[in-house]
Amino acid sequence: MSFWTAIFLIVLVATLGRAYSARQRTLRRDKVAPDSGEAARLRAEVTRLNDRIKVLERLATDPAKRLSDEIDALKDK
């Protein structure tokens, strides 16, 4: 093996090692731990949004008279 081939292989291995290490750091940093506060906040947000979707689906599929009655009932409160 020539001198320049050895130098090239050393540089290649070092570069690939640094790229792999940086990729692993990025993956670890981007993960959200399942028991973290952020995960709990996101679960609560999803639950709240699912409740809103259920209400919107119910309003979209109910007959117009029933919808009108519910809106009027909310206005009276």
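Values quoted throughout were computed directly from the atomic coordinates according to the rules given, and no laboratory measurement underlies them. The structure presented is a predicted model; accordingly, all values stated were derived computationally and were not measured.
Between residue 22 and residue 48, what is 0.36 nm times their sequence separation minus the Cα-Cα distance? Round to one decimal in nm. Walk me through the numbers on the way to the answer.
Numbers: separation 26, 0.36 × 26 = 9.36 nm, distance 3.68 nm.
Taking residue 22 through residue 48 to full extension adds about 5.7 nm, to one decimal.
DSSP H helices in the chain with Cα extent of 27 Å or more along the helix axis and mean Kyte-Doolittle hydropathy at least -0.5? Both cut-offs are met by 3-30, 37-61. Per residue of the chain, the DSSP helices (runs of n ≥ 4 H) give a summed -39500 (n - 2.57) that works out to -30000 deg cm²/dmol at 222 nm.
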